[in-house]
Every structure is written in C-alpha cells, then in structure tokens.
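First comes the structure, then the notes that go with it.
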Amino acid sequence: MEKKASGPLRCLVTGAAGFVGSHLCEGLLALGHTVAGVDNFFSGRRENLDPFASHPRFFFHERSITEPGLLEDLHKAHGPFHTVFHLAAIVSVPYSVEHPEETYHVNERATVRLLNDAEKLGVRSFVFAGSAAEYGIQDRMPLRESNAGDGTRWLSPYGEAKYRATMAVASRRRRPRGVSLRCFNIYGPRQDPSSPYSGVISRFVDMAVAGRPLTVFGDGLQTRDFVFVDDVVEAYRHAAASADESANGPCGIYNVGSGRPTAIVDLARLICRLTERPESITFCAERPGDIRHSTASIEAISRDLGWAPRIGLEQGLRRTIQWMRGAAQPTGVKASPDGDGSENKPRREL
C-alpha cells in the first residue's frame, strides 16, 4: 500500500542519497516533516538511505534532476511542497573538467528549471547547495560572499556552474525565496573515504583506523575550513525558515563553515592523537592546481540567520572516528585537502 504524506511540512530533497542529503533527510524527518527524496545514484549511495528508508513520512524516487516535469510529477504525487532543498549535482571537479557541457547542464540549467517550476507550483523557499569552489582563485582571506563575481577565475566548470546557479537562486525575492549556501569542507559520519568526492578528513581517519601512514601532499601548511555535517544540516534548516518568515526576510548567499583555518599537517597530527596511534605522516609532492588557503567568513549567516557552528573540530573528529571504526573495512586511500564550534545565537527551526 502506498504511504500517505503527513507531517507539518512537505519538503523535497534532491541528492537525498548523498552524504549531506541523507543527513538532511534524517534531520527533517526527526522534526516531524514529510520528505520526498530524489537521487539517481550517480554519486549517492543506497546504503545512506538505510537509516530512514522505511520511515512512514519518507518517499524516495530514483530519478534525475535533469528530467523535464520532475517537480510537477512529485507535486502531483505528494501535494504542494513548502521547501525544495536542492543538493543534487555533479560534484567531482575532475569529472567537470572532462565533461564541461554535462556539468553546466546538470549544475546550472537543471537548477534554473527546478527553480522556475518551483515558482509555478507555489513553493515557498528554495535552498541550494552552493560551493566554496565558486570563489575560484582568491588571495583574500577569509572569503566573503562578495568575493565571487563574474570576473572570478574559476578552476573548473564545476565552480563556474555552481556560481551561475547560485546567482539565479539568490535573485529570487518572492516565492520561492532563494538561498544559496556556499559550504566549505564538510565532514562527518557516512562520508565514504573510498569515494573520489570525499575530502581529507574521511580519508585521514580511514588511514589512521587502518593503521596506515597519513599521506599529505606538499608541505601540509595549506589550510582548510572544516565544518561538521550536523552543523550544515542546521544551516539548511535555518535558511529555509528564515527565507519563509516574511516577504522581506533574508535571502541570498551565505557561507557555511567554521570560520577557522586548519593546516593539513595539524589535522593529521590531531587525528593521530585521537586515534591513539603513533604519529605517522608521509609527505608527497605537491599537486599542481591545489588551492593554498581557504577560510570562510561566516559573519553574514550569523547576523542574518542566527546560525553558527556548534561542533568543534576535535568533537566532530571523535564522532567521525567512532563511526569509521564501526563502518566497513577501511580502504586506506590517499588524502586530498578538498571534499566535498561553540554555543552561539538562538536558532530558528524549520
């Protein structure tokens, strides 16, 4: 028998089987919302859906966001959606370089079509997964939302396509009110270390748990801004709630990060300590094209949406290590710097 939708709000999550998308679905369901999830498993994983696949308020559709009429079909199946959380995308930078036209089609044009369909169907808020890659090559730190523009030197079609989609989303001031979240280096449980889309933390933890040396490219002094996946889920919920509060509520573009730079070699040492193993780090040649530093300014999202990260790096690493030790046999692959707190202001809840 087909499940009937119930719950305070209906939400659509594209990329539902992805690392972040699956955590977002789980969080929305825990709040009592009804969730329709879409994924074609290009990079998502079926096992990411396991914790909530049988939930009575979760409805999964194995479809692509490039299909014309997708949102209209889901609207007919489940009724009107309050919020669309659009996370589905081609997420591999190397893949985007090899397949630029496909990347623009999926990451930009399909997003604009979903946005237009959301307007026709009366969706109230549209929250988009932007990317720190939208900033391209930058010398200014921390990175502020205004640092990306048409004159930016993007490193890949992925970064440019995300930027174009972000600008389309952020321009919507009425229904659906649009918000794009430029997330920096997300990490946490359920991030597959063997995936080419995963970042340095999942791979370092995998190496450490397997008893292998942690492999660092270059001198390890390059820095990244790491943010725990639970904090990212909170940012998505804040964005949807804030965009919906009034006709003049916040909408636009916001960075999501810790606001703190961490050197890769310091990260490796911390993971060695937390896994209670001798420090074992192997240095390899620096890879051409790697960004040297990346840190987010999170002033805007804190001011406008009342969001700030709550999970500090050490706490988040402990949770990630605990999950990794209970997950599948580690693979011990090399690490890339790219991937994909404290108590702060009161939070709005979606």
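Listing for the model above:
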{"item": "Computed [θ] at 222 nm, helices only, for the chain once each DSSP H run of length n ≥ 4 contributes -39500 (n - 2.57)", "result": "-10000 deg cm²/dmol"}
{"item": "Residues in region 102-128 reached by a label modelled at residue 72 [backbone nitrogen below 17 Å; 7 Å Cα→Cβ]", "result": "110-123"}
{"item": "Sites matching trypsin sites (Lys or Arg not before Pro) across region 1-75 that sit in DSSP coil, with at most 13 neighbouring C-beta atoms within 10 Å", "result": "3, 4"}
{"item": "Cα→Cβ-extended label distance, 7 Å offset, between residue 310 and residue 101, nm", "result": "4.8"}
{"item": "Fraction of beta bridges assigned by DSSP in the chain that are antiparallel (%, nearest 5)", "result": "5"}
{"item": "Net length gained if the chain between residue 42 and residue 62 were fully extended (0.36 nm per residue, minus Cα distance)", "result": "6.1 nm"}
{"item": "For volume of the Cα convex hull per residue in Å³, calculated from these coordinates, the label among [x] 132; [y] 124; [z] 168", "result": "[y]"}
{"item": "Cβ-derived FRET efficiency at R0 51 Å, residue 325 paired with residue 171, nearest 0.05", "result": "0.65"}
{"item": "Region 1-92: GluC sites (Glu not before Pro) falling in loop per DSSP and having at most 13 other Cβ within 10 Å", "result": "2, 62"}
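FYI, it's all coordinate maths here, none of it is from the lab. What you see is a predicted model, and the numbers here were worked out from it, not measured in a lab. Cβ: placed from backbone, ideal geometry, glycine included. Neighbour counts: every protein chain shown.
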